[in-house]
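Notes follow the structure.
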Amino acid sequence: MSPLMTIAEGGSVVKNIVVSIQNVLLAESVILALKKTGNFRVERVLQDRISDTEKICESVHAELLLMEVTRTKDTTLEKRLLICKNVKRKISDCKIALLCDENADPELADQVKQAKQLRQIDAFFYESVTSDYLTAALDAL
């Protein structure tokens with residue numbers, strides 16, 4: 001067990017997760033759900049600090065990185081995959097998951113799915129999944 005890991009009340013390991021979701025309402029909802037389980041220590045990447053994602057992951061020795069993918073400037077799939085590559089280079093055991101809106105952009109959702117198939121990421125989720133499913137799936141990574 002990593003020296004940065006702690007044990008939650010129920011005996012499960014508390015995981016360090018970095019969350020980079022720019023949609024403020026979605027970010028707050030996901031972070032609240034993660035904290036509610038007691039299984040995660042959450043560090044949020046603020047919208048104006050996306051460039052610090054790798055540094056934040058390193059500083060907390062992230063075991064999970066959850067990032068939203070959109071078509072906007074700093075959250076495109078290409079930029080997110082570059083962050084994934086750099087984080088994996090520094091923290092090889094960090095699991096990376098991407099989150100996208102399959103209803104608003106089915107083509108982007110398909111590209112995110114392909115990134116998983118190509119093993120560029122460890123998991124992907126659609127924004128329409130329930131918070132219970134998302135937290136359980138992240139805990140299982």
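Computed values, structure above
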read-out: Virtual spin-label span in nm between Val129 and Arg89, 7 Å along Cα→Cβ; value: 2.8
read-out: For the chain, size of Cβ-based charge dipole, Lys and Arg +1, Asp and Glu -1, in debye; value: 460
read-out: Carbon plus sulfur fraction of accessible area for the chain, probe 1.4 Å, in percent; value: 52
read-out: Mean accessible surface per residue for the chain, computed with a 1.4 Å probe while every protein chain stays in place, in Å²; value: 55
read-out: Estimated D of the chain in µm² per second, where Rh is the Kirkwood radius over Cα pairs and Stokes-Einstein applies at 37 °C, 0.692 mPa s; value: 218
read-out: Anchor Lys15: lysines whose Cα lies under 27 Å away (excluding residues fewer than 8 positions away in-chain); value: Lys35, Lys36, Lys55, Lys79, Lys85, Lys88, Lys90, Lys95, Lys113, Lys116
read-out: Distance between modelled label sites at Ser29 and Thr72, nm, 7 Å Cα→Cβ extension; value: 1.6
read-out: Rounded to whole Hz, the Karplus (6.51, -1.76, 1.60) HN-Hα couplings of region 65-72, x for glycine and proline; value: 10, 10, 10, 7, 10, 9, 9, 7
read-out: Integer Hz, Karplus 6.51/-1.76/1.60 couplings in order for region 18-33, x for Gly and Pro; value: 9, 10, 10, 10, 7, 5, 4, 5, 5, 4, 4, 5, 5, 5, 4, 5
read-out: Net lengthening on full extension, Lys55/Leu118 (0.36 nm per residue, minus Cα-Cα); value: 20.1 nm
read-out: Phe40 long-range amide H proximity, modeled H, under 5 Å; value: Lys15
read-out: Whole-number Å³ per residue for the convex hull built on Cα positions in region 69-119; value: 68
read-out: Residues with amide H under 5 Å from that of Lys95, placed H, sequence gap 5 or more; value: Leu64, Leu65
read-out: Positive dipole terminus of the chain, leading residue within Val87, Ala97, Val45 (C-beta point charges); value: Val87
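The values are calculated or read from the model by the stated rules, or taken from the named source; none is laboratory data. None of these values were measured; they are calculated from a predicted model. So basically every Cβ, Gly included, is an ideal-geometry build from the backbone, and we count neighbours across all protein chains shown. The protein model used for the area step is the full one, side chains on, heavy atoms only, and it has no ligands, DNA or RNA in it. Shrake-Rupley method; radii C 1.70, N 1.55, O 1.52, S 1.80 Å.
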